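What follows is a single structure, written as structure tokens, with notes after it.
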Amino acid sequence: MILALAAALGAVAMPSAAQAGEIFGGLYVHDVDTPLTLSGVEGGADIQLGWRGERIGKTPLQPYVFAAVNTAGETHYAAAGISAKFGDRIFVRPGLGIAVHTGSAANFEDPDNGKIDFGSRVLFEPELGIGARINDRTTIEASWVHMSTAQLFGKQNPGIDNFGVRLSFKL
């Protein structure tokens, strides 16, 4: 399932010459317990790889897709959405997307099963990055990725927060 998800993501993310954008990769602490979640249950790190398109017209908006694989075999996920970059040398990049995951989609929380029961296979995926431009083609950013149902698909909403660092390279 992970290979099929990665292949589909790769096919969607293949840039054309006119829409090259950038690729990014990162390493994240998986399932950090924060006030926004009922988590802190799963372990491991997430290895993230993604693509971000060029700006849409004259707006700061950029489409993105990425996949993250958990090193402990816990919840893997992929997301697609829109982000906006504000600033140049130092920047803030909020984003909003939809994610799919391989974790439990059970619609109840079982505190003894060692898993996050998300309540849905499809999740809301806000994120925030704060970064710096290293050179004309490379940026580095500290990033937060959150996933939950935002109670859009029911009251079950444990959520998950991942914190990490990612490097981006312009194509």
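Which percent of the accessible area of the stretch 25-171 is formed by carbon and sulfur heavy atoms (probe 1.4 angstrom)?
C and S atoms contribute 65 percent here.
Heavy-atom accessible area for Arg137, with the other protein chains in place and a 1.4 Å probe, reaches approximately 140 Å². Based on C-alpha pairs under 8 angstrom that are at least 6 apart in sequence, the stretch 68-152 has a relative contact order of 24 percent. In a fully extended conformation the segment linking Val92 and Leu61 would gain 9.9 nm over its present Cα-Cα distance, using 0.36 nm per residue. Round to a whole angstrom and tell me the spacing of the C-alpha centers of the stretch 43-60 and the stretch 111-148. With the stretch 43-60 and the stretch 111-148 each reduced to a Cα centre, they are spaced 10 Å. The candidate values were [x] -0.56, -1.47; [y] -0.42, -1.39; [z] -0.44, -1.24; the one computed from these coordinates for log10 I(q)/I(0) by the Debye sum over Cα atoms at q = 0.11, 0.19 Å⁻¹ carries the label [z]. Assign one of three labels to the stretch 47-92, namely rounded, prolate or oblate, based on the Cα gyration tensor with a ≥ b ≥ c the square roots of its eigenvalues; rounded applies when a/c is under 1.5, prolate when it is not and a/b is larger than b/c, and oblate otherwise. Prolate, because a/c is 1.5 or more and a/b exceeds b/c. Averaged per residue, the stretch 15-103 has 47 square angstrom of accessible surface, using a 1.4 angstrom probe with ligands and nucleic acids left out.
Each residue was assigned an accessible area with a 1.4 Å probe, and for Ser104 the value is about 30 Å².
Leu36 contributes about 110 Å² of solvent-accessible surface, heavy atoms of the protein only, 1.4 Å probe. Build a GNM of the chain with springs between Cα atoms under 10 Å apart, and of Gly25, Gly44, Gly57 the one that fluctuates most is Gly57.
For the chain, the longest principal axis of the Cα atoms and the long axis of helix 2-13 meet at an angle of about 30 degrees.
The values are calculated or read from the model by the stated rules, or taken from the named source; none is laboratory data. Computed from a predicted model, the values in this text were never measured in an experiment. Surface areas here come from the heavy atoms of the whole protein model, side chains and all, with no ligands, DNA or RNA. Shrake-Rupley method; radii C 1.70, N 1.55, O 1.52, S 1.80 Å.
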